[in-house]
1. Keeping to the range 8-20, report how many residues are open to solvent by less than 50 Å² (accessible area, probe 1.4 Å) and in contact (Cβ under 8 Å) with a residue 24 or more places away in the chain.
2. Are any residues in the range 130-147 outside any loop (DSSP other than H, G, I, E, B) and either over 13 Å from the mean Cα position of the chain (by Cα) or buried (at least 20 other Cβ atoms within 10 Å of the Cβ) (or both), and if so, which ones?
3. Please give the number of the condition Pro113 fails out of (1) closer than 28 Å to Glu173 by Cβ; (2) in a loop (DSSP other than H, G, I, E, B).
4. Out of the residues in the range 25-68 that are over 15 Å from the mean Cα position of the chain (by Cα) and among the basic types (Lys, Arg), which is farthest from Thr96 (Cα to Cα)?
5. Being free of Cβ contacts under 8 Å to residues at least 40 places away in the same chain and closer than 14 Å to Glu66 by Cβ is the requirement here; does Leu167 meet it?
6. Which one of these is in contact (Cβ under 8 Å) with a residue 24 or more places away in the chain and closer than 23 Å to Leu183 by Cα: Ala133, Ala127, Ala72?
Amino acid sequence: MSDTSSGSLKTGTTVDGRFHVTRVLGRWRIGTAYLAIDEAADVHTLLAFDLKPRVQKEYTGWIQREEQRNAALGPDLLVPREGGILHRRGRGWMVTGPFRGTSMLQQMRGRGPMSEERAARIGERLARLVSHAHEAGVVLGGLRPTTILLDPGGDDPHRPVIFDIGLERGLEELLATPPPAALAYRAPDRSEEGRLR
């Protein structure tokens, strides 16, 4: 596994012998998102991030549980599908479906508030996606305007996709630099300790 001195993966790097990194999609506080393509030419989002010291075993168990639980979910829930440890320095990685569409935040900044009809259509479809996730045992923990992507195929402006890497399901506790809590977007069913009930 090759990476730059800053910890970023180089373009052309292959992760787990299958996912070929083609370009950087974005850098976050917790790590970097890449566009990756597998041998079948399927497109994925690959995330690489620093873990706390000595939690590689816990992360491996966590990602295996995510893989099993998320296997039944459809493509409109961008959740961890595979993952592991990049190398002995303790970096984790995970793969989700492709990050596609435009975030709700970007659309509202560019176009202003949604019409009531559009908000109702998107809201109804979001409720179905969240319900499907909860039926499969995947508690999302909160939705944000940045994690709801709209019109992923460029053919349906009311179609939402939810991007959720599992921060509220335990990933946050394993990260070296977890993101600050977005209290305004957290689910109301949280305990005083911050855990989902």
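The values are calculated or read from the model by the stated rules, or taken from the named source; none is laboratory data. Computed from a predicted model, the values in this text were never measured in an experiment. As a convention, Cβ positions derive from the backbone with ideal geometry for all residues, glycine included, and neighbour counts pool all protein chains shown. Heads up: the accessible areas ignore ligands, DNA and RNA and are worked out on the full protein's heavy atoms, side chains in. Shrake-Rupley method; radii C 1.70, N 1.55, O 1.52, S 1.80 Å.
1. Number of matching residues: 4.
2. Residues satisfying the conditions are Val130, Ser131, His132, Ala133, His134, Glu135.
3. Of everything listed in (1) closer than 28 Å to Glu173 by Cβ; (2) in a loop (DSSP other than H, G, I, E, B), Pro113 misses just condition (1).
4. Of the range 25-68, the ones over 15 Å from the mean Cα position of the chain (by Cα) are 37-42, 50-61, 64-65, 68.
From the residues that got through so far, the ones that are among the basic types (Lys, Arg) too are 52, 54, 57, 65.
Values: Lys52: 22, Arg54: 24, Lys57: 21, Arg65: 15 Å.
If we take residues in the range 25-68 being over 15 Å from the mean Cα position of the chain (by Cα) and among the basic types (Lys, Arg), then Arg54 is farthest from Thr96 (Cα to Cα).
5. Details: free of Cβ contacts under 8 Å to residues at least 40 places away in the same chain: yes; closer than 14 Å to Glu66 by Cβ: yes.
So Leu167 fits the description; yes.
6. Matching residue, one of Ala133, Ala127, Ala72: Ala133.
Residue-by-condition table, conditions (1) open to solvent by less than 70 Å² (accessible area, probe 1.4 Å); (2) among the aliphatic types (A, V, I, L, M); (3) part of a strand (DSSP E or B):
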{"position": "Ala33", "(1), (2), (3)": "yes, yes, yes"}
{"position": "Thr45", "(1), (2), (3)": "yes, no, yes"}
{"position": "Arg65", "(1), (2), (3)": "no, no, no"}
{"position": "Pro75", "(1), (2), (3)": "no, no, no"}
{"position": "Pro80", "(1), (2), (3)": "yes, no, no"}
{"position": "Gly83", "(1), (2), (3)": "yes, no, yes"}
{"position": "Arg100", "(1), (2), (3)": "yes, no, no"}
{"position": "Gln107", "(1), (2), (3)": "yes, no, no"}
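Every residue, every condition in (1) among the charged types (D, E, K, R); (2) surrounded by 13 or more Cβ atoms within 10 Å (Cβ to Cβ); (3) modelled with pLDDT of 95 or more, yes or no:
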{"residue": "Asp3", "(1), (2), (3)": "yes, yes, no"}
{"residue": "Thr22", "(1), (2), (3)": "no, yes, yes"}
{"residue": "Ala40", "(1), (2), (3)": "no, no, no"}
{"residue": "Trp62", "(1), (2), (3)": "no, yes, yes"}
